[in-house]
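All of the numbers you see were taken from the coordinates with simple rules; none came from a lab. In this text the structure is predicted, and so the values were computed from the model without any measurement. Glycine also receives a Cβ, built like all others from the backbone with ideal geometry; neighbour counts cover every protein chain displayed.
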Amino acid sequence: KNEVEQSPQNLTAQEGEFITINCSYSVGISALHWLQQHPGGGIVSLFMLSSGKKKHGRLIATINIQEKHSSLHITASHPRDSAVYICAVPGTGAGSYQLTFGKGTKLSVIP
Amino acid sequence: DVKVTQSSRYLVKRTGEKVFLECVQDMDHENMFWYRQDPGLGLRLIYFSYDVKMKEKGDIPEGYSVSREKKERFSLILESASTNQTSMYLCASSLFKRAGTAAHEQFFGPGTRLTVL
């Protein structure tokens, strides 16, 4: 089973700061997911990426397949970015439709 | 638009009660999942189903059972609720593509926060 580690566990930032959340995994994968969960809310998918970089507004996700590592960056952070960010990787073989999740990074952006 | 709904956002039950959590998806997805989410532990898979009437145990199935009688509906059952089952429960669904590939993007419901007293 893939082991997924996220860091940091908690992150507090001032509005406008550049934020980086890291995710590493132990077994090679076809793609990695970044998910967002606002307080009291459901989970939504931000990115699914298998190589390189993807950008959506102020959010940028990168992945290095060889190093088994991905980062989520938020530029010009805003209080509405406060949420839990979760990375997830699929299983292999027959279990490839299951996801293994990191424990999440709780981000708080202070005005 | 993709939609996964759960029967309740908040639920309070007493120890020993039988509890039903319902999940419905409108995307004709084959796969459905039940997770619980606890602080510091993240999302843990309880059960999943890849077809009607099919079910597989996840990482923490003890104390839970599931039912999938129709493709769109996946129910989680706590036969005799206990205080350690107080948690956030999340349902998800995904499309299973055959021919050697699997679509693993999951779509989540809003969650049910269950408190067992």
**Prompt:** Of all chymotrypsin sites (Phe, Trp or Tyr not before Pro) in segment A:1-102, which ones are in loop regions per DSSP and have a Cβ with at most 15 other Cβ atoms within 10 Å?
**Reply:** A:F18
**Request:** Count neighbours as other Cβ atoms within 10 Å of each site's Cβ, and list the trypsin sites (Lys or Arg not before Pro) in segment B:37-117 that are DSSP loop with at most 12 such neighbours.
**Result:** B:K53, B:K97, B:R98
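Could you size up the charge dipole of chain B around its Cα centre, putting +1 on the beta carbon of Lys and Arg and -1 on that of Asp and Glu, and report it in debye to the nearest 20?
180
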**Item:** ³J(HN,Hα), Karplus 6.51/-1.76/1.60, whole Hz, each residue of segment B:17-25, x for Gly, Pro
**Value:** 6, 8, 10, 10, 10, 10, 9, 10, 10
**Message:** In whole Hz and in residue order, list the ³J(HN,Hα) couplings for segment A:22-33 that follow from phi through the Karplus curve 6.51 cos²θ - 1.76 cosθ + 1.60, θ = phi - 60°; x for Gly and Pro.
**Reply:** 10, 9, 10, 9, 9, 10, x, 9, 8, 6, 10, 10
**Asked** When only DSSP loop residues count, what GluC sites (Glu not before Pro) in segment B:1-88 have their Cβ near at most 14 other Cβ atoms within 10 Å?
**Response** B:E17, B:E62, B:E79
**Request:** Mind jotting down the three principal axis lengths of chain B based on Cα atoms? Whole angstrom, largest first.
**Result:** 46, 29, 26
**Complete:** Taking a straight Cα-to-Cα line shorter than 28 Å from A:K55, and setting aside same-chain lysines fewer than 8 residues away, one finds A:K68, A:K103, A:K106, B:K3, B:K97
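Per residue Cα convex hull volume for chain A, in cubic angstrom? Display every interim value, and only then the final one.
Working: hull volume 10.1 nm³, N = 111.
Cα convex hull per residue, to the nearest whole number: 91 Å³.
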**Message:** Can you classify the protein assembly as shown as rounded, prolate or oblate using the Cα gyration tensor, where a ≥ b ≥ c are the square roots of its eigenvalues, rounded means a/c under 1.5, and otherwise it's prolate if a/b beats b/c and oblate if not?
**Reply:** oblate
**Message:** Residue by residue through segment A:34-51, what is 3J(HN,Hα) from phi via Karplus (6.51 cos²θ - 1.76 cosθ + 1.60, θ = phi - 60°)? Round to whole Hz and write x for glycine and proline.
**Reply:** 10, 10, 10, 9, 7, x, x, x, x, 9, 10, 7, 9, 9, 10, 9, 10, 6
